[in-house]
Amino acid sequence: MELYVETIEQVPPHLLKEITHFFETYKNLENKHVIIIGWEGLKTATNILQEAKSIYVEQNEIADGHSALNKLSDSY
C-alpha cells in the first residue's frame, strides 16, 4: 500500500515537530543557528525549487560558459 501526502495538513503534527527539531539542532556542532519560521505548502516548495534550479543554471553557465541546463537534464 502506497501513501501520498498532498497537503501539509495531512502530515501528522508530531512529525512536523520532529522535523522542526531536527532543522533547529542539526547545525549545533558547527556553532551555527537555524530559525524555523513556519511551514508552507506544495506551491511554495515548488516555486523555491524552481528558483533554486534557475540560480544554479545561471551560475554554472557564467562559471564555465556551457549550458548547465544540459548537465541537469543529462543527470536524470
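We did not get these values from a lab; they are worked out from the coordinates using the rules stated. This one's a predicted model, so the numbers in the text were calculated from it and none came from an experiment. Here the Cβ positions follow ideal geometry from the backbone for every residue, glycine too, while neighbour counts run over all protein chains shown.
Points worth noting:
- For region 37-46, 3J(HN,Hα) per residue [Karplus equation, 6.51 cos²θ - 1.76 cosθ + 1.60, θ = phi - 60°, Hz, x = Gly/Pro]: 9, x, 10, 10, x, 4, 4, 5, 4, 4
- Projected label points at Asn47 and Gln10, each 7 Å from Cα along the beta carbon direction, are separated by 2.2 nanometres.
- Cβ-based net charge around Glu40, under 15 Å, with every Lys or Arg adding one and every Asp or Glu removing one: -2
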